[in-house]
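Q: My questions all concern the structure below.
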Amino acid sequence: MPSPGRRLALACLTAAGLALPGVAPAASVGGPAGATAAKAPRPMREDDLLRFEWVADPRIAPDGTRIAFTRVAVDTATDNYKTSLWIIDADGAAPAPRALTAGPRDAQPRWSPDGKAIAFVRGAEGKPGQLYVLSMEGGEAVQLTRLAGGAGSPAWSPDSRSIAFTSGTNPALDADSAKAKPKHEPGRVVTRPEFRFNGQGFIDPERPDHLWVVAAAGGAPRQLTTGRFEDGAPRWSRDGRWIYFVADRRDRPWFGPEDANLYAVPADLAKPSDGAALKTVIDIAGPVGAFAEASDGRIATIGHLATDPPRSYDQDDLLLAGGAWPRRTVRNLTATYDFDVPGAISSDQHPPRGGGGGTPLQWADDGRSILTTVGRHGAAMLARVDAASGEVSELTDGAHEVIGASATPDGRRWALTLGDLTHPGVLCCFDPGTRILTTLWDPTQALFAGIRLGPVEEFWYTSFDGTRIQAWIVKPPDFDPRRKYPAILEIHGGPHTAYGVGFFHEFQQLAGAGYVVLYTNPRGSTTYGQTFGNIIQYRYPGDDARDLLLGVDSLIARGYVDPKRLGVTGGSGGGLLTNWIIGHTPRFAAAVTERCVSDWASFWYSADFTLFTPTWFRKPPFEDPDDYRERSPVTYAAKITTPLMIVDGEEDWRTPIGQSEAMFRTLKQQRKDAVMVRFPGESHELTRSGLPSHRVQNQHHVRAWFDHYLLGKPAREYDEVHDETRRAAP
């Protein structure tokens, strides 16, 4: 569910390994992924996830010679993820990166403009992260903050003397909270309709993030902003006089569409301001997102203008603002480029807990163009946008996904994390001028050397009304077109997101178990234009389900799938569609719905974000109950004959677990085959960044359910046992 959401050949780039000719691929560094690979390659397994490593938040030095990044690895001893800072030379000469810190909770590396130091955030068990600075000349990292609300999003001043950051510290309240606390927390008084957020917990309206600044040499941090509004990540003006940030400073933002502005606060402000000292830089009828300032004061930003009536999906564009503050009109540079800016695709292998990357956006040194990422047809690419004409030139190809990126101040060298259908993420250095890509490190190379991945085939098919739909097929590693295989339809969530060329561990382990896996981008998906994305508004689910079923028909027509052994699964919005589909057709022999929606009315009342804006429904459920009932899968539960597994996290506040419970109880009341798997402590991010053991268990249960109903294997753990609670473990 949403959050409160041209192929060009690369010089020396190979689809198989992203390696440069004549340059040996770098070896894996330490940890489980560096273990000796099996002698005979084998299929992907569920527990291979425990040996993955990820490159997060790559940050290239100002002179372009080195890249710092957050290395994420599974710590099996604590059943969590370990994050530490590493560095590698950008010329590709070094065989592997080297450690800057030991972790286990270090992230958000940021180079000082003079290249002499790196600021980062270090966390500790049960405590908020604090700001540290590490000299590149050697020595231990120095702690700069000890704030009750922690510190995050560090940003250096142009002279490398100060660091701006965000903190939820409220000095007056935190002084009181330092006193003796009662044994139990007091009751919460809730006055706002949005009072908790998935994965973050309850919102404390008295401790929103504000801007602070601290001297890089040390000293007391100085608070710049205060008040009831949340302030976004800071960025200094080129002259060092101002600190820019994005904020939505409306009293009741939940009653309208997105609308955030760009503000500036004086960097030398002596006392924190609740708004009086702020200057409005860009004020448009819509949200301002990532932004970058040119040398002449122009500001490029990513966002969109709100429409009336509002849309379910608004495709962001690259906007350009010039002239005096406040800038209330901007020019849409990418109005004729009907694809997503910045563009992102879905994957279950984006770096967990690596965070802090943000949207890459950088002016070229001559001020004639802006570089950012775009999404088109299931790929995320680095692109150059001409600042005068708006012409978009895609710089990386459509076979890869730019997961993370940063640039030197002149935009001439980039650090990229690139993923594709066979790689979760490889660290590279890229020259936009020559389009030469240098592969620096593949953290999963040693692990994948012992694994046979299933081949992936891209294809397009025509839906019921002539709409073209893009899809992919993952085949078993030993695929034989003369055989008849069981098949599983995977459905993405969102609904406004996209599958594509990203790596999916789940798809590969199912293919390794002998399944053909189909995944598609039905209408409503991103990276296909504004109309394609928004066409499901007020009709979700509906025609998108028809797109999916016709994709299955297209797969069966190829002759190697057994139509009597079909499974369907999806998470979030994909869980909603899974529930919907099995209530409208009996063709699937088994289904797994994860983190789903089953009853729209109760979802409207209980989700962490509000549906007060008429984006998915024209009216609230108490005014038009029939519309909600007709689009709720639980309404059609009496027609369900497909055995259903229901998976959820017990702290999922995006699609609250009551949605899963409603589906489970409804089917059980009818004496139908259904089982629920509940994961304690997990949020809506279970399959992407949940505890490693939970992610492995989740994939075990998905596979075991399909193995039982599609392959005829026993599954005693799912037998109904009265008056007994079963543990969600293999």
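The values are calculated or read from the model by the stated rules, or taken from the named source; none is laboratory data. Note that the structure is a prediction, hence the values are computed from the model and not measured. Ideal geometry is used to build each Cβ from the backbone, glycine not excepted, and the neighbour counts take in all protein chains shown. Protein only, heavy atoms only, side chains kept; ligands, DNA and RNA dropped before computing areas. Shrake-Rupley method; radii C 1.70, N 1.55, O 1.52, S 1.80 Å.
Q: Based solely on its DSSP helices, what 222 nm [θ] is calculated for the chain when runs of n ≥ 4 H residues each add -39,500 (n - 2.57) and the sum is averaged over all residues, nearest 500 deg cm²/dmol? Provide the component values of the computation, followed by the final result.
A: Working: 11 runs with 97 residues, N = 730.
That calculation yields -3500 deg cm²/dmol at 222 nm.
Q: While we're here: Counting only protein heavy atoms and using a 1.4 Å probe, what share of the accessible area of the stretch 550-647 belongs to carbon plus sulfur, as a whole percent? Display every interim value, and only then the final one.
A: Values: 1770 of 3290 Å².
Of the solvent-accessible surface of the stretch 550-647, carbon and sulfur hold 54 percent.
Q: OK, next. Would you work out which of 345, 360, 307 lies farthest towards the positive end of the dipole of the stretch 290-410, given +1 charges on the beta-carbon of Lys and Arg and -1 on that of Asp and Glu, about the Cα centre?
A: 307
Q: Further question on the same structure: Label-point separation (nm) for residue 329 and residue 366, each offset 7 Å from Cα along Cα-to-Cβ?
A: Roughly 2.9 nm, to one decimal.
Q: A further question on this structure: Provide the FRET efficiency to the nearest 0.05 for the residue 91-residue 665 pair, computing r from the beta carbons and using R0 = 60 Å.
A: Values: r = 61 Å, r/R0 = 1.01.
Rounded to the nearest 0.05, the efficiency is 0.50.
Q: Could you work out how much longer the chain between residue 143 and residue 185 gets when fully extended? Use 0.36 nm per residue separation minus the Cα distance between them, nm to one decimal. Mind dumping the intermediate values first?
A: Numbers: separation 42, 0.36 × 42 = 15.12 nm, distance 3.04 nm.
Fully extending the segment from residue 143 to residue 185 adds 12.1 nm.
Q: Still on this structure, I have one more. Once the piece of chain linking residue 627 and residue 483 is laid out straight, how much longer is it, given 0.36 nm per residue of separation minus the C-alpha distance between them?
A: Gain on extension, residue 627 to residue 483, equals 47.4 nm.
Q: How do 540-548, 627-635 rank on mean C-beta neighbours within 10 Å, highest first?
A: Details: 540-548: 21.9, 627-635: 19.8.
So the peptides 540-548, 627-635, ranked by packing, come out 540-548, 627-635.
Q: Suppose R0 equals 56 Å; then what is the FRET efficiency for residue 720 and residue 172 from their Cβ-Cβ distance, rounded to the nearest 0.05?
A: Numbers: r = 56 Å, r/R0 = 0.99.
Computed FRET efficiency for residue 720 and residue 172 comes out at 0.50.
Q: Okay, next question. What list of ³J(HN,Hα) couplings, whole Hz, do you get for the stretch 386-392 from phi and the Karplus terms 6.51, -1.76, 1.60, once you set θ to phi - 60° and write x for glycine and proline?
A: Calculated HN-Hα couplings, in order: 5, 6, 9, 8, x, 4, 9 Hz.
Q: Could you pull out the trypsin sites (Lys or Arg not before Pro) across the stretch 199-300 that fall in loop regions by DSSP (anything but H, G, I, E, B) with no more than 15 other Cβ atoms inside 10 Å? Provide the component values of the computation, followed by the final result.
A: On the way: sites: 222, 228, 235, 238, 241, 249, 250, 279, 298; in loops: 228, 238, 241, 249, 250, 298.
Here the trypsin sites (Lys or Arg not before Pro) that fit, given the DSSP loop and packing criteria, are 228, 238, 241, 250.
Q: Taking a 1.4 Å probe, which of 291, 165 shows the most accessible area, and what order do the others take after it? Present the calculation step by step, with values, prior to reporting the outcome.
A: Values: 291 25, 165 0 Å².
Correct descending sequence by accessible area is 291, 165.
Q: Let me ask something else. So what are the ³J(HN,Hα) numbers for the stretch 337-345, from phi and the Karplus equation (6.51, -1.76, 1.60; θ = phi - 60°), rounded to whole Hz, Gly and Pro as x?
A: 9, 7, 9, 7, 10, x, x, 7, 10
Q: Right, another one. Of 580, 559, 570, which is farthest towards the positive pole of the stretch 538-601's charge dipole, taken about the Cα centre with +1 and -1 on the beta-carbons of Lys, Arg and Asp, Glu respectively?
A: It is 559, whose Cα lies furthest towards the positive end.
Q: With every protein chain left in place, what is the accessible area of residue 194 in Å² (1.4 Å probe, nearest 10)?
A: 50 Å²
Q: Ignoring ligands, DNA and RNA, what percent of the 1.4 Å accessible area of the stretch 438-523 is carbon and sulfur? The partial results should precede the final answer.
A: Values: 1100 of 2330 Å².
C and S atoms contribute 47 percent here.
Q: Continuing with the same structure: Once both labels are modelled 7 Å past Cα along the beta-carbon direction, what's the residue 274-residue 204 spacing in nm?
A: A separation of 1.9 nm, rounded to one decimal place.
Q: Share of the stretch 151-265's accessible area from carbon and sulfur, percent, 1.4 Å?
A: Numbers: 3130 of 6270 Å².
Roughly 50 percent, rounded to a whole number.
Q: Determine the percent antiparallel among the DSSP beta bridges restricted to the chain, to the nearest 5. Spell out each step's value before the answer.
A: Values: 110 of 142 bridges.
The antiparallel fraction comes to roughly 75 percent.
Q: Dipole size in debye (nearest 20) for the stretch 536-607 around its Cα centre, Lys and Arg Cβ +1, Asp and Glu Cβ -1? Present the calculation step by step, with values, prior to reporting the outcome.
A: On the way: 7 positive and 7 negative charges, 39 e Å.
Using only the charged Cβ atoms, the result is roughly 180 debye.
Q: Can I ask one more? Given a Förster radius of 25 Å and the C-beta distance between residue 459 and residue 562 as r, what FRET efficiency does 1/(1 + (r/R0)^6) yield to the nearest 0.05? All intermediate terms of the calculation are to be shown ahead of the outcome.
A: On the way: r = 19 Å, r/R0 = 0.78.
So, using R0 = 25 Å, E works out to roughly 0.80.
Q: Okay, moving on. Sequence-distant or interchain residues sharing an amide H contact under 5 Å with residue 674, placed H: which?
A: 644
Q: Compute the relative contact order of the stretch 556-643 as a whole-number percentage, counting only Cα pairs closer than 8 Å that sit 6 or more residues apart in sequence. Before the final figure, lay out each step's value.
A: Details: 122 pairs, mean separation 28.5, N = 88.
Taking the mean separation of contacting Cα pairs over the length of the stretch 556-643, I get 32 percent.
Q: Let me ask you something else. Once both labels are modelled 7 Å past Cα along the beta-carbon direction, what's the residue 685-residue 605 spacing in nm?
A: Going by the 7 Å Cα→Cβ label model, 3.0 nm.
Q: Calculate one ³J(HN,Hα) per residue across the stretch 520-528 by plugging θ = phi - 60° into the Karplus curve 6.51 cos²θ - 1.76 cosθ + 1.60, and present them in order as whole Hz with x for glycine and proline.
A: These are the phi-based 3J(HN,Hα) values: 9, 10, x, 3, x, 6, 7, 6, 10 Hz.
Q: Relative contact order for the stretch 105-237: what percent, with Cα pairs under 8 Å and sequence separation of 6 or more?
A: 21 percent
Q: Heavy-atom accessible area per residue, the chain, 1.4 Å probe: how many Å²? Don't skip to the end; give the middle numbers.
A: Numbers: 29780 Å² over 730 residues.
It amounts to 41 Å² per residue over the chain.
Q: Taking the Cα centroid of the stretch 216-291 and of the stretch 363-391, what is the distance between the two, rounded to the nearest whole Å?
A: For the stretch 216-291 versus the stretch 363-391, the Cα centre distance is 26 Å.
Q: Charges at C-beta only: +1 for Lys and Arg, -1 for Asp and Glu. How large is the resulting dipole of the chain about its Cα centre, in Debye rounded to 20? Don't jump to the answer; show the numbers that get you there.
A: Details: 79 positive and 87 negative charges, 134 e Å.
Roughly 640 debye, rounded to the nearest 20.
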